[in-house]
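Note sheet for the following structure.
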Amino acid sequence: MNSREIIWFDGEWSTKDKPVIGLTDHALWMASGVFDGARSVKGHLPDLDAHCQRAIKSAITMGMAPKISAENIADLVREGLTQLPHDTDYYIKVLFFSPGGFLLPDPDSTTFALHIFETALPEDNGFSATFSPYRRPDASMAPTEAKASCLYPNTQRIIREANQRGFNTAVVLDAEGNIAEFAAANLWIVKQGTAYTPLPNGSFLNGITRQRVIKLLRAEGIPVEEVTLTTEDVLNADEIFSTGNHGKVLHCNRIEEKTLSCGPVSSLARRLYQDFTLQSEKVTG
């Protein structure tokens, strides 16, 4: 760990990593773990409360019983950030896992941890994407309503396969063959000035940044439609961009062999989100 990283676990803050999972723990061998990610951007905390609430919901979905409230988590985030400099950006990782249990996790063993570490928001230099041969499961196949760690090996193989073919990431289809999202972010296209994003259907998370950008664009008078999208819709788009916690709003500059510019709606979405961030709560200390 470095000087711009901090962990809260078992009632105390530490700048040293804390091994907390043993060989016999349910979280290791049965994957009873969830997380959520928020951001501190130069001390600003956009939608922190929503991320903390989603972490609680994810844990409950996975059969755990959190002993801490979303409000208490947010307070701990603020407390931790007062111990770090605010001239940079941080990733705020909220974790729940269950050490106890056999096939099912023991709800009473539900454990909370918080990890805050420096990770700059990426520059919007454009990213390339291909269509993945792998798909997202629907809600009848996996706990897709949770931000569950067990879902991420699929994300990892999607990105790994795309990287091997020379792309930064991939567009992923749902079980029905329609567009779900990018490998690790929600997907948007723009056609003739209207922004389109896949209608949540249980195969991907209705991202917090996604929800925020919908509100921001509509408030600015940009039409936004949540619809079922096909691969043809994506290939024929005027603009493509992503929303997600790590990069917030980033434009796609190549889909398969088609090149794209950072268009006016993509640029506006990023600027609106940046303005929203600067107006959000700020931690001092």
>> Exactly one condition in (1) outside any helix (DSSP H, G or I); (2) of a type in the set (Phe, Trp, Tyr); (3) open to solvent by 40 Å² or more (accessible area, probe 1.4 Å) is false for Tyr152; which is it?
In response: (1)
>> Which pairs turn up if I take residues in segment 6-27 that are under 18 Å from Ile73 (Cβ atoms) and among the charged types (D, E, K, R) and look for partners that are at pLDDT 95 or above and surrounded by 12 or more Cβ atoms within 10 Å (Cβ to Cβ) with beta carbon separation below 9 Å, at least 6 apart in sequence or on another chain?
In response: Asp10/Thr111; Asp10/Ala113; Lys18/Ile7; Lys18/Phe9; Lys18/Ala113
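Quick one: which of Tyr196, Tyr152 is farther than 24 Å from Asn253 by Cα and free of Cβ contacts under 8 Å to residues at least 60 places away in the same chain?
Going through Tyr196, Tyr152 in turn, the sole match is Tyr152.
In segment 201-212, what residues are in a loop (DSSP other than H, G, I, E, B) and open to solvent by 50 Å² or more (accessible area, probe 1.4 Å)?
Here is the first cut: in segment 201-212, the ones in a loop (DSSP other than H, G, I, E, B) are 201-207.
Selection gives Asn201, Asn206.
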> What strands (runs of 3 or more DSSP E) lie completely within segment 1-120 and have 1 or more residues being within 30 Å of Val213 (Cβ to Cβ) and open to solvent by 10 Å² or more (accessible area, probe 1.4 Å)?
Replying inline: 5-9, 33-41, 89-97, 111-118
> Restricting segment 230-264 to residues that are open to solvent by 10 Å² or more (accessible area, probe 1.4 Å), among the β-branched types (Val, Ile, Thr) and outside any helix (DSSP H, G or I), which is nearest to Ser132 (Cα to Cα)?
Replying inline: Thr230
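The values are calculated or read from the model by the stated rules, or taken from the named source; none is laboratory data. These numbers were taken from a predicted model, which means no experiment stands behind them. Methodologically, a virtual Cβ is constructed for each residue, glycine included, from the backbone with ideal geometry; neighbour enumeration extends over all protein chains shown. What goes into the accessible areas is simple: the full protein's heavy atoms, side chains included, and nothing from ligands, DNA or RNA. Shrake-Rupley method; radii C 1.70, N 1.55, O 1.52, S 1.80 Å.
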